Structures are given as structure tokens and as C-alpha cells.
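The values are calculated or read from the model by the stated rules, or taken from the named source; none is laboratory data. Note that the structure is predicted; figures quoted are calculated from it, not measured. Please note: Cβ atoms are built from the backbone with ideal geometry, for glycine as well, and neighbour counts cover all protein chains shown. Heads up: the accessible areas ignore ligands, DNA and RNA and are worked out on the full protein's heavy atoms, side chains in. Shrake-Rupley method; radii C 1.70, N 1.55, O 1.52, S 1.80 Å.
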Protein chains: 2
Amino acid sequence: MQSILMVGQSNMAGRGFLTAVPPILNDHLRMLRNGRWQQLAEPVNVDREVAGVGPAPAFAQAWSADHPADTLGLIPCAEGGSALADWAPDAPLMRHAISEARFAQETSEIVAILWHQGESDSLNLHYRTYRDQLRQTLTHLRTALNLPTVPLILGGLPAFLGQHGFGLSATEAPQIDALIHQTASDLPHTYFVTAADLTANPDGIHLDAPSQRRFGVRYYQAFRQRADVLAPLPDEPQRVAQLTAHPLTPAETLYLQSKRFALGQTTFTEFMAAVRASQTQGADA
Amino acid sequence: MQSILMVGQSNMAGRGFLTAVPPILNDHLRMLRNGRWQQLAEPVNVDREVAGVGPAPAFAQAWSADHPADTLGLIPCAEGGSALADWAPDAPLMRHAISEARFAQETSEIVAILWHQGESDSLNLHYRTYRDQLRQTLTHLRTALNLPTVPLILGGLPAFLGQHGFGLSATEAPQIDALIHQTASDLPHTYFVTAADLTANPDGIHLDAPSQRRFGVRYYQAFRQRADVLAPLPDEPQRVAQLTAHPLTPAETLYLQSKRFALGQTTFTEFMAAVRASQTQGADA
């Protein structure tokens, strides 16, 4: 089994509205819960009550299409509102992410690190020290987890920051975005993914769910190509549509039925009929 | 700051429907996220997509009424479906719970441990070894966290198990319930809380949300009295009603408004008007 570490602030955790995009459901995808693997379901990174769609599930789904026999687990460690200083080597967020990643490493090989952070540092001249701090943080993470060469993918900041809502104060986002890009060039095995053309929730700071699907596809493109993604992909809409275009497997259908039953949306009789139908379907497959 | 460790299986994590009870919202309550404290919001213990209302928020709210100047944090480590064997000293769930609790201990004093487990062992004669295993697990937890004397509160199993739905296989729940009770008698500073009269979700295995509020009040009664709770409390309905009877503070109102705005349910103009109203209200208070 392979796995992916998710680190950064709210746009890595995800705040896209869950009802705004088709759900990603895939037998071959997992998420870390209490140090063990569970079936992936969004929200994956539940740092807050308002957690929603982030880039990692789309990344994972695209990965799965290229690795149909393998399983991928997501390790959610992103924390809404965190400044880069909160990711210093001795800070709780960093120590906790390392602790979670080590649980994951007991049963999986971490094959990439997805990072997105910067909104909380896009003010008060933080950009003066951001590049040195970011290099220190990312180097520490690689060293602590003994991952010197896995792809580390840094997402850029969206252009809508600094304009309205909760994003209003992020006036120095262009400077931070440039430093993130620069850091990807400075460090080995580290790639930059642009947030160009991505759009916001009404709050003006969080990427909306359709944009997070696109962002995840871009992160995966950087992973697969081992190269920066500096512009939206020409076939991005098609790649996003493909994420949820396949028919559900019997096990995936059963997961959905279990969820509906657990939430009181179907009766036990209806649920058991669905189980039997899924088993018949499975036997036929 | 003080804190409470939540351990066990799904009825400690909580599967009560969130919409079935008034929400618990309290400036003085926190939950552990990524090794740090955040404002408490349900679901607290997000082990699964279907996580909902468990007993701990009601416990915390009752505690807060008795400690109005203090802050309490919840440490969610319960894992749906886990058997007692999954909580052996070297098992990932136990090691992970200890790791989470240690992050909490950096900034808080753990004042109680809430445990609820047994459904997954109510079959196949597991009761033959359950008492020894439970003693070993609980003793290890106390030792590892250096908490030899804090109240450890063990919830009993509900009577609806073994009858229908997902609860159908739990035919040996009465034997396990008796062993949990016995273990509370065997161990020092350990108390038993009955699940008598509590009712199930349609799935036949999970406590419904109103029952979880009652269960949390019973857990708190055991904590406060340092004594078993062997029958429903005479004034349980009143105690449950009191949990959510107080008017919201300005900060609590603001939290709710922030959440609605983050979820796209109000405009920025409406949100800012609410912020100003809350500040005026705060200045008046």
C-alpha cells in the first residue's frame, strides 16, 4: 500500500462544499483514522466543522486510474488558519503530522507530500522571512520522515485573495505565491502547481469544490510528470469529469447503502435487499 | 485547562443523528485537532463519515455548568467497530490514543477517561476472556499516561443489542455488560454507568442522539459522585434539557455566524452585520 501526506492550511484541508461536486468513492482509496486505514470519504481532513472538499481526493482518484491494482491512503494533517510559523520543526502541528505519518508508515510507503499554505502569511510583510522559513519547514519534514526524494508538491495561491470577504486581508498573496514557486525551484524533488483560474467560495478565501477537483488533478499531473504545472491543463475539464465517470463497483455501492442505513435514510429491509443485490452483482462480475 | 480522553468503539465516538438534538455550543469547551485545541463542535470524534452525537459533549456541557470559569477539552480516540483486542497495549488504536493524549497533556491536565466498548465482543464466546483483557487494557492506559487515580468511567451495553439490524449478532451483550460492571468493581477509581432504558437508531446497534445526551449526563454523574450509576437518574430529562437551555454568548453566536458564512449560507454583508451586532452585544455584557 502507498500513501500521501497532506499538510498546510485550510485549502489543503478543504472547504469546498460537499454538495457541489459528485462524490469520490473508490474501493482502492483509504484515509487514516486513529492510526489505521478506513475507506476514503469526504471530508478527509476534518480539522473543523466546516471541512469539505480539498485537492487530495481528486489527486488520489487520478492516481488510482493509473494504478488500478494498488491502494492509496491519505494522511490528513492540514490545519485551517495555520501560519507558516505554526509549522516550525518544534511546533505541535509539525510534531503531530510527523506522528500521524509514522503511523501510516507502519503499513504503507509514503510516495508524495502535498503542501498548500500561505494565506495566513499574506500580510504584515511576512514575505520577508517566508522563503527561509518554508525551506526549513519542508526540509525538516523530509528529514524527520526519511523521505529525501519523494515528490513534494507545493500549491500556489489563488488570484482572488486580497479582494473580499475573509480573503480581504491577504493583500500580499502575490509575493507569497512567488516565494512558494521559488522554493519549489530551490529544493530538489519539489514541484510547483499554479492556482491560476481557480475560483472561491463566497467567503473569498477558500477554493470552491469544482476548483479543488481541478487543483487535485494539477497536483497529480506534477506528481506524474515530476515537473511544475504553471498553467491550467488543456484537458482539465475532461480529467475532472473522468474522476467520477466510472460505474460504482458492488463494494462501493454497498458502502453507500451502509452509509444511508447508518444515517437512518433506509430501513433494514431495504438495506438487506441492497446487500443481496450487491452480492449477486459481485458474483456476476 | 482540563481535558477528557474518549476511548472505545462507535457508541463512544457517537452515531446519534446530529439533527435530532439541539447542538451543544460553549466557549469553554474544546476538542483536539491536529494536536491543538479548537472550539468544540459535533461530531467531535470523526472516525467515520457517519460520526454523530456521542456521550462526551453532554458530559462536557454538564461539567462546564459546574466549572464556569474553566475550560475543558475533549480528546477523541474512539474507533467504530473496534474489538477489545484492537485495544491491546501494542495495537495501533492504543498507541495512537496514547499519542493523542500526550499532545493534550502538553497543555492540559486529563481529569477523566470515558470508555465505551463491547458490542464487537458480544458474540463467539468472547466473554470468556473479556474481563482479563479489559483489565489489561485499562491498566495499560492509566500507566502509559501516568493517570493512576483519575476517574475512569465505563459505560454498560444497551438492552436493545442482539435484537435487530446491525445489533443482531451481539447476542452475548448481557454477559459482556456484566463483565464491564464487574471490572469497574475490580479496579480502583473506576466506575460503571448503566445504559438502561437507552434507545437505538434504526440500525439496532447505535445509541440515538437523545439517548447519548442522557448517557453523557450519567457519565458526568459518575464522575462528580465518584460512584457507579446503576439506574437512570430521576431528573435525567431536566438535566438534559438544561444542557442547551442557556442563551448563547456573543462569542457563541459569532461562531455560529462564521460557520453559516463559511458554508455559503449567508452573504458577507449579512455576516459583517452579525459581527457588529455581536460586538455591541459583547460590549454591553
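A few points about this structure:
- The angle between the Cα long axis of helix A:268-284 and the main principal axis of chain A comes to about 90°, on a 0 to 90 degree scale.
- Residue-count net charge about residue A:213 - beta-carbon cut-off 15 Å; Lys, Arg +1, Asp, Glu -1: -1
- Over the range A:155-235, the pair-distance histogram of Cα-Cα distances with 10 Å bins from zero comes to 19, 47, 29, 4 percent, rounded to whole numbers.
- Comparing the full protein assembly with the isolated chain, the residues of the range B:192-230 losing at least 10 square angstrom of accessible surface (1.4 Å probe) are B:202, B:203.
- Normalised convex hull volume, the protein assembly as shown, alpha-carbon set, Å³ per residue: 147
- Evaluated on the range A:2-242, the Kirkwood hydrodynamic radius is 17.4 Å, with distances taken between all distinct Cα atoms.
- Per DSSP, loop GluC sites (Glu not before Pro) in the range B:59-167 with at most 16 further Cβ within 10 Å: B:106
- Å² per residue, accessible surface of the protein assembly as shown at 1.4 Å: 38
- Sequence-distant residues sharing a close amide H with residue A:161 (under 5 Å, placed H): none
- Antiparallel bridge percentage (DSSP; both residues within chain A; nearest 5): 20
- Gaussian network model of chain B, Cα within-10 Å springs - most flexible of B:18, B:198, B:263: B:263
- In chain B, the longest principal axis of the Cα atoms and the axis of helix B:56-66 are about 60 degrees apart.
- Candidates B:273, B:194, B:150 compared by Cα position along the dipole of chain B: farthest toward the positive end lies B:273, with charges placed on Cβ.
- With 0.36 nm allotted per residue and the present C-alpha distance subtracted, the residue B:109-residue B:256 stretch has 50.1 nm of extension available.
- Summarising the amide proton neighbourhood of residue B:30: residues at separation of 5 or more, or on other chains, whose placed amide H is nearer than 5 Å comprise B:40, B:72, B:73, B:74.
- Derived scalar couplings ³J(HN,Hα) [the range B:213-227; Karplus, 6.51 cos²θ - 1.76 cosθ + 1.60; whole Hz; x for Gly, Pro]: 4, 5, 4, x, 5, 5, 4, 5, 4, 4, 4, 5, 8, 6, 7
- Mean-position separation - Cα centroids, the range B:161-226 and the range A:11-53, in angstrom: 30
- Within-13-Å neighbourhood charge of residue B:267 [Cβ basis; K, R +1; D, E -1]: -1
- For residue A:201, the residues whose modelled amide H falls within less than 5 Å of its own, excluding neighbours fewer than 5 places apart on the same chain, are A:206, A:207, A:208.
- Buried between A and B is an accessible area of approximately 3700 Å², summed over both sides with a 1.4 Å probe.
- Karplus-derived 3J(HN,Hα), 6.51/-1.76/1.60, for each residue of the range A:82-98, Hz, glycine and proline x: 6, 7, 4, 4, 6, 10, 4, x, 9, 6, x, 4, 5, 5, 5, 4, 5
- Scalar couplings 3J(HN,Hα) for the range A:189-204, obtained by applying the Karplus form with A = 6.51, B = -1.76, C = 1.60 to θ = phi - 60°, are 6, 10, 10, 10, 10, 6, 9, 3, 6, 7, 10, 9, 4, x, 6, x Hz; x denotes Gly and Pro.
- Chain B residue nearest by beta-carbon to the axis mapping B to A, with distance in Å: B:46, 2.
- Listed residues B:200, B:13, B:58, most fluctuating in chain B (Gaussian network, C-alpha, under 10 Å): B:200
- Taking the protein heavy atoms of the protein assembly as shown in the context of the full set of protein chains, the accessible area attributed to carbon and sulfur is 54 percent at 1.4 Å.
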